[in-house]
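Inspection log for the structure reproduced underneath, given as structure tokens.
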Amino acid sequence: MRAAPARTGVAAGQVATSPVRLMSIPPSPNSTEQVEDYFRRGNRLREAGRFEEAIAAFSAALKLRPESAEAALNLGHLLEQAGRLEEAVTFYRQAVVSNPLLPEAHHNLGNVLFKTHRLAEAADSFRQALALRPEFAPAWLNLGNALRLQNELEPAIEAYRRALALHPDRADAHVNLANAYRAQNRLEEALAASRRALALAPQMPQAHLNTAMVHLVAGDLRAGWPHAEYRQVLKLGGAGREFDRPQWRGEEPLAERTILLHAEQGFGDTLQFVRYAANVIALGTTVYVEVQPALQTLLAASLPQAAGVLAHGEPLPPFELHCPLPSLPLAFQTDLASIPAEFPYVQVPDTYKERWRGYADGGQALRVGLAWAGNPTHPNDFNRSLTLAELRGIFTGLPAAQFFNLKKELSAADAATLAAAPELTDPGPLLGDFADTAALIEQLDLVIAVDTSVAHLAGALGRPVWILLPFSPDWRWLLGREDSPWYPSARLFRQPRTGDWGTVLMQVRRALEQLCGENV
């Protein structure tokens, strides 16, 4: 399951709302009844939820009075509500130009810049708002968010503290402060901030998820699993699907009953938690497993004892109970000593074994697969992924090793680097679903990957895998250790400080050189 400190609620990229001053035009010699009428009409339409008509009314007012910051601010706010963010930016900028002393204009511009991932610009706008109104608590909170997502963690913490000094009972500010502490691996402080948020808002799902992630990354799994269930409230990554049958939580007998286990969130989560399907089957129940289509072929071959492995979207068979795959550790009360450890628990279909047989025959060379980046839409991708250009230092000038690209989809920059890297064989066009990738990995001596599905796949296959981790890793990799209780074949390489990939890549290169020397 995804790590809440970087991915949920206000902490994950939402901005805190602030009162938007929806001002009417003050009386002046230049005011006209027509412009005032457009304002009144726009406000009535907004209150009635007729946003497009309200946009038209304020647009008309602004056309008659282009210098009106209030009209531009109202129009920007409506466009933001309608999801027309680039248009909102235009009108918020117009409001700033028309009245640079209006803190709401700077703040709302920052909000939309934040939503469109222009974090440095957003931070500048929030600072402008705060220079005009230092007691503007939402601006402090949103400045903290913009700074944290640029890994400016100490300034972010100070911004959150300023917000809390003004409003100590804002649970969302405590959640964000917990995220910043978590990003520094300051777990005790992160847990204290999360608990404060829960004391203020006992049902706040982001606070529960933060609490879960701190417990889990600290290795206190049993304390973390119940809080992690709140991902279903937020419906993160497909969580929280509604069925007219109850979720199994490990408390009732399953013998002679039928249960649907279903995937949620990313491919890596499915590969990590599908290991529990065998444990459920062992309880004497009929088990159906629903997974992402790209995993169906591989997992159908891996779970022959299941009644069926379905692709998401296919018609579901009759069943009496259901359980999301990431909820199975809670159902089985998993701790570090009881993680299911039968390896490999993923099996490559025979047809795929034949298809890839001999592809990676490198003679005496060490055969190494590389996966340097994950899904770019992942909320924490800026921390976990590399570019191929950054990775190139580990695979150039090493003739005793043969390298293979395990990434199916490439950015334009990575594709250009790959085209200029004859040392790296590219089977990408031949990779269909995960069964192809698994068959290729079985041909290799080692996989080197960042925290993405390829790392989970290699671990589930029981193949040697080196996983490159950011300073504040996803919960499943824990802290301060080079091994993983989830994947015994894994070796973990960790950033010694936030953003320091250089040290990680130097360590990996040295380890590769040593391994190549042993392989000669």
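Each reported figure results from applying straightforward, stated rules to the coordinates on display, with no laboratory input. All of these numbers come straight from a predicted model, not from anything done at the bench. Virtual Cβ from ideal backbone geometry, glycine too; neighbours counted across all protein chains shown.
Counting only alpha carbon atoms, the long axis of helix 119-132 and the longest principal axis of the chain meet at about 30°. Using a/c under 1.5 as the rounded threshold, could you call the stretch 350-519 rounded, prolate or oblate? The axes a ≥ b ≥ c are square roots of the C-alpha gyration tensor eigenvalues, and prolate needs a/b larger than b/c, oblate otherwise. Rounded shape, in that the Cα axes give a/c under 1.5.
Rounded to the nearest whole Hz, the Karplus-based 3J(HN,Hα) values (6.51 cos²θ - 1.76 cosθ + 1.60, θ = phi - 60°) of the stretch 159-170 follow the sequence 5, 4, 5, 5, 4, 6, 5, 7, 9, x, 9, 7, with x at glycine and proline. The string of couplings for the stretch 266-282 from the Karplus curve (6.51, -1.76, 1.60, θ = phi - 60°) is x, 4, x, 4, 5, 5, 5, 9, 5, 4, 6, 4, 5, 5, 5, 4, 5 Hz, one whole number per residue in order, with x for Gly and Pro. Taking each DSSP H run with n ≥ 4 as -39500 (n - 2.57) and averaging over every residue of the chain yields -14000 deg cm²/dmol at 222 nm. In a simple Cβ point-charge model (Lys, Arg +1; Asp, Glu -1; nothing else charged), the stretch 4-227 has a dipole of about 360 debye relative to its Cα centre. Among ASP483, ASP381, sorting on how many other beta-carbon atoms sit within 10 Å of each Cβ, with the fewest leading, yields ASP483, ASP381. Taking a ≥ b ≥ c as the square roots of the eigenvalues of the Cα gyration tensor of the stretch 258-331, is the shape rounded (a/c under 1.5), prolate (a/b larger than b/c) or oblate? Judged from the Cα gyration tensor, the stretch 258-331 comes out rounded (a/c under 1.5). The local environment of GLU53, defined by Cβ-Cβ distances under 10 Å, has a net charge of +3 under the rule Lys, Arg +1 and Asp, Glu -1. Using a simple spin-label model with pseudo-atoms 7 Å out from Cα toward Cβ, GLU342 and SER411 lie 4.1 nm apart. In the chain, the inverse of the mean reciprocal separation of distinct Cα atoms equals 25.5 Å; this is its Kirkwood hydrodynamic radius.
Put simply, the amide H of ASP433, placed in the peptide plane, has no neighbours under 5 Å, leaving out anything fewer than 5 places away on its chain. Classify the stretch 440-520 as rounded, prolate or oblate, taking a ≥ b ≥ c as the square roots of the eigenvalues of its Cα gyration tensor: rounded when a/c is under 1.5, otherwise prolate if a/b is larger than b/c and oblate if not. Here the stretch 440-520 falls in the oblate category. Backbone amide hydrogens, once placed in the peptide plane, bring GLU290 within less than 5 Å of LEU261, HIS262, ALA263, LEU310, excluding anything fewer than 5 places away on its chain. The shape of the stretch 170-247 can be summarised by an equivalent ellipsoid whose semi-axes, obtained from the alpha carbon gyration tensor, come to 23, 14, 10 Å from longest to shortest. Using the Cβ-Cβ distance between PHE51 and ARG241 with R0 = 22 Å, the FRET efficiency computed as 1/(1 + (r/R0)^6) comes to roughly 0.15.
Against the empirical curve 2.2 N^0.38 Å, the C-alpha radius of gyration of the stretch 4-227 lands at a ratio of 1.15. Per-residue packing, averaged as other Cβ atoms within 10 Å, sorts the ranges 277-286, 258-267 into the order 258-267, 277-286, beginning with the highest.
Here the 3J(HN,Hα) profile of the stretch 459-475, calculated from phi with Karplus coefficients 6.51, -1.76 and 1.60 at θ = phi - 60°, is x, 5, 7, x, 8, x, 9, 9, 10, 9, 10, x, 4, 9, x, 4, 3 Hz, Gly and Pro shown as x. Charges were assigned to the Cβ only: +1 to each Lys and Arg, -1 to each Asp and Glu. The resulting dipole of the chain about its Cα centre is roughly 820 debye. How far, in degrees from 0 to 90, does helix 33-47 lean away from the longest principal axis of the Cα atoms of the chain, to the nearest 10? Orientation of helix 33-47: about 40 degrees from the principal axis.
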